[in-house]
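Peer 1: Questions regarding the structure given below will be posed in turn.
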Amino acid sequence: MRYARQALRWNGWGSSEVSFDTRGRDREVWEFVAHAVGLDPLPSTPAAPFEKVILPEPRWTPAILAGLIATTSEEQVKTDRYERAFHALGRSYHDMLRLRSGTLRSAPDAVVYPESTDEVLAVLAFCDAHGLAVVPFGGGSSVVGGVEGSDGLEGSRRPGHRGVVTLDTTRMSRLLDVDPVSMTARAQAGIYGPSLEHELGERGFTLGHFPQSFEFSTLGGWIAARGAGQLSNRYGTADKFLVAASVATPTGLWTTRPFPASAAGPNLNHLIAGSEGTLGVITEATVKVHPVPETRKIGAFVLRDFEAGTAAVRALVQADIGAAMIRLSDADETRFFGEFRSALEPHGTASKLAEKALGLAGFGDKCVMMVAFEGEARKVREGFRRALSIATRAGGLFVGESPGRAWWKRRFEMPYLRDPMMDRGVGVDTLETSTTWSNVPRLYRAVQDAIRSATTRDGRRAVVMAHISHSYRDGASLYFTFVFARDLTREVEQWREIKDAASRAISEHGGTISHHHGVGVDHAAWLSAEKGTLGIDVLAAAKDTLDPNHVMNPGKLLPGPR
């Protein structure tokens, strides 16, 4: 599957033919949202239409453009308004504010669609020789400013660059090889998630990587951002499933080899995973694959509070039960989405009685934990039996499989809700971090308090939610979602205040600035506190070697030449 760019929203999420389905209950849904954020009535805040979009004039000469075209072909180099607008930014809340305003100062001057590693090398060599910044772009789903064509300063480009070229990898979308004996697969980096899973599935395999952006993100993007999918407990994060890679850089082709393990110095795959296009362009990758699971089972439990739920998640993961996913929503997230689903589909008598019974049993402010298994039927049954025993001993109450099945069916729908919320003056944003188990309660409270304080200033209301999305023997990821009333007079400033408050809380309370979203522009200022001065120097030295003129994705991850 290769999406035609015109079939996707240039200023919103996903396919232009798909919208969030309110099931004919628009009035009930928006009344619920209005009450949640204290906006009555909800204002009308539509996005600027495409015909009113303002783009910067391209800065280069006809000779430069002709030279760029010569690296591939005229058909592969796009300079039209739609392509430039589509590739101007990623899909974060901050990006949405700018895209919807219609003023796109960071739009690239041109978009190039290479079809091979050799073409990528040719494009990079030309751009390096002519001082053109290069922004690698897969699905463009970055939520940390990872694909914008500026250096992170609003409306400006890095001094010395004569233009910005976005290099779109999605024409490099082939599954190249599957080794069924070693259980590895090699693919071009621009292949979208659904295409990769379909082609692997025809051969009896799966990568098992399902981030929420799965439908509109690519293999190379997952690796470049060091991403994590919803089933990472079983299949691992991008740095775990990466076996080898080919990376086109301004100084040549850099490759790693597919060894299962090696003590020949540091594993350089770990420099590629998380490099965010600042060292080069990932063009091919060899990854670990698994047999298509025979069966899947998702059970739901309720816990009395987040502390009890966190203890249950830790007990499950440290018992090595083989779960594919362990996901815990705090009471605010459980309540918000429960009430939202009720607005979509009113509870029947049985559901109301069940809720009343849970309240009487001490689960009034419950947290929901979902535990998923997939694989061989026998192992799934045994794993689920152990999970039931451990979770029950930890204070969990099993409430069946239907909540898990409903979540699985609709897990890719929620991103479509953000656009209609933004049409009505409501902001929706997310951020995530991770820390050790012993520090989870402290970090959870600090970040929750910071977000709530920043989103409720001037009497505004907000809903601040969190869940444990990924878990390990030594710690877990905390994923925060917040829905808030936008300050329509200073939207970007409001976002910066919220982001800075949350980032400060994370940095000062023992969390990583990003567990799986990456660094991009938004988190770059916080990286040195986490990596240390010498660590930043090590990364900068790698960039100086591979990209001495700093044309690769400037402003992301690392500062420019010193």
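Peer 1: Which order do peptides 118-125, 272-279, 452-459 fall in by mean Cβ count within 10 Å, highest first? The partial results should precede the final answer.
Peer 2: On the way: 118-125: 21.0, 272-279: 24.8, 452-459: 15.4.
Descending packing order for the listed peptides: 272-279, 118-125, 452-459.
Peer 1: Moving on. Taking the Cα centre of the chain as origin and charging only Cβ (+1 Lys, Arg; -1 Asp, Glu), how large is the dipole, in debye to the nearest 20?
Peer 2: About 1200 debye.
Peer 1: Counting other beta carbons within 10 Å of each Cβ, put PHE50, PHE363, PHE137 in order, fewest first. It would help to have the intermediate numbers written out before the result.
Peer 2: Working: PHE50 12, PHE363 21, PHE137 29.
With the sparsest Cβ surroundings first, the list reads PHE50, PHE363, PHE137.
Peer 1: Please name whichever of LEU527, VAL143, ALA311 sits farthest to the positive end of the charge dipole of the chain, dipole taken about the Cα centre and charges placed at Cβ: Lys and Arg +1, Asp and Glu -1.
Peer 2: The residue sitting most towards the positive pole is ALA311.
Peer 1: Pick out, from HIS35, ILE64, GLN76, the residue whose Cα sits farthest towards the positive end of the charge dipole of the range 1-109, with +1 on the Cβ of Lys and Arg and -1 on the Cβ of Asp and Glu.
Peer 2: My answer, from the dipole projection, is ILE64.
Peer 1: What three numbers, in Å, describe the spread of the alpha carbons of the chain along their principal axes, ordered from the longest?
Peer 2: Taking max minus min along each principal axis of the Cα atoms, the chain gives 75, 59, 45 Å.
Peer 1: Using a 10 Å cut-off around each Cβ, can you sort MET552, MET370 from fewest to most neighbouring Cβ atoms? Spell out each step's value before the answer.
Peer 2: Details: MET552 27, MET370 20.
Going from sparsest to densest Cβ surroundings: MET370, MET552.
Peer 1: Spin-label point model (7 Å from Cα, Cβ direction): what's the SER528 to ASP40 distance in nm?
Peer 2: That separation, rounded to one decimal, is 4.9 nm.
Peer 1: List the relative contact order of the range 410-562 as a percent without decimals, with contacts defined as Cα pairs under 8 Å and 6+ residues apart. It would help to have the intermediate numbers written out before the result.
Peer 2: On the way: 197 pairs, mean separation 36.4, N = 153.
Taking the mean separation of contacting Cα pairs over the length of the range 410-562, I get 24 percent.
Peer 1: Also: Relative to the longest principal axis of the chain, what angle (0 to 90°, nearest 10) does the C-alpha long axis of helix 193-202 take?
Peer 2: Long axis of 193-202 versus the principal axis of the chain: about 80 degrees.
Peer 1: Something else: So how tilted is helix 26-37 from the main axis of the chain? Cα-based, degrees 0 to 90, rounded to 10.
Peer 2: 90
Peer 1: Next question, about the same structure. Could you check the simple spin-label distance between THR436 and ALA354, using points 7 Å along Cα→Cβ, in nm with one decimal?
Peer 2: Inter-label distance under the simple model: 4.0 nm.
Peer 1: Same structure, new question: Relative to the Cα centre, what is the charge dipole magnitude of the range 393-530, using +1 at the beta carbon of each Lys and Arg, -1 at the beta carbon of each Asp and Glu, and rounding to the nearest 20 debye?
Peer 2: Values: 19 positive and 17 negative charges, 107 e Å.
Roughly 520 debye for the range 393-530.
Peer 1: For helix 533-546, what angle does its Cα long axis make with the longest principal axis of the chain, in degrees from 0 to 90 and rounded to 10?
Peer 2: 40
Peer 1: Same structure again: Rg and Dmax of the range 295-411 over Cα atoms: what are they, in angstrom?
Peer 2: Using the Cα atoms of the range 295-411, the pair Rg, Dmax is 14.0, 39 Å.
Peer 1: Give the peptides 385-394, 427-436, 140-149, 16-25 in descending order of average Cβ contacts within 10 Å, highest first. The partial results should precede the final answer.
Peer 2: Working: 385-394: 16.6, 427-436: 21.5, 140-149: 26.9, 16-25: 12.4.
Sorting 385-394, 427-436, 140-149, 16-25 by mean packing, highest first, produces 140-149, 427-436, 385-394, 16-25.
Peer 1: Within the range 73-100, whose backbone N sits under 19 Å from a point 7 Å along Cα→Cβ of ALA66?
Peer 2: Answer for this model: 73-79.
Peer 1: Can you tell me the order of 477-486, 307-316 when each peptide is scored by its average per-residue count of other Cβ atoms within 10 angstrom, highest first? Each step should come with its number before you reach the end.
Peer 2: Details: 477-486: 23.3, 307-316: 21.2.
Put in order of decreasing packing, that is 477-486, 307-316.
Peer 1: Quick check for me: using +1 on Lys/Arg Cβ and -1 on Asp/Glu Cβ, what's the dipole size of the range 273-327 about its Cα centre, in debye to the nearest 20? Intermediate values should be presented prior to the final figure.
Peer 2: Values: 6 positive and 6 negative charges, 48 e Å.
Its charge dipole is roughly 240 debye.
Peer 1: Now for a separate question. What would the Debye formula give as log10 I(q)/I(0) at q = 0.16 Å⁻¹ for the alpha-carbon point model of the range 205-303, no solvent?
Peer 2: Rounded to two decimals, the profile gives -0.72.
Peer 1: Give the Debye-formula value of log10 I(q)/I(0) at each listed q (0.15, 0.16, 0.21 Å⁻¹), with one equal scatterer per alpha carbon of the range 385-488, two decimals each.
Peer 2: Evaluating at q = 0.15, 0.16, 0.21 Å⁻¹ gives log10 I(q)/I(0) of -0.86, -0.94, -1.20.
Peer 1: Between THR295 and GLN318, what is the FRET efficiency for a Förster distance of 30 Å, r being their Cβ-Cβ separation, to the nearest 0.05? Don't skip to the answer; put the middle values down first.
Peer 2: Values: r = 25 Å, r/R0 = 0.83.
Approximately 0.75, to the nearest 0.05.
Peer 1: Leaving out same-chain residues fewer than 8 places away, which lysines sit with a Cα under 28 Å from that of LYS356?
Peer 2: Correct list for LYS356: LYS297, LYS366, LYS409.
Peer 1: Find the relative contact order for the chain and round it to a whole percent, using C-alpha pairs within less than 8 Å whose residues are 6+ positions apart. Spell out each step's value before the answer.
Peer 2: Working: 1142 pairs, mean separation 98.0, N = 562.
Reported relative contact order: 17 percent.
Peer 1: Could I ask something else about it? Relative contact order (percent) for the range 295-411, with alpha-carbon contacts under 8 angstrom and 6 or more residues of separation? Spell out each step's value before the answer.
Peer 2: Details: 167 pairs, mean separation 62.0, N = 117.
In percent, rounded to a whole number, it is 53.
No value in this document is a laboratory result; all are computed from the given coordinates. If you're wondering where the values come from, they're calculated on a predicted model, not measured in any experiment. Cβ atoms come from the backbone with ideal geometry, glycine included; neighbour counts cover every protein chain shown.
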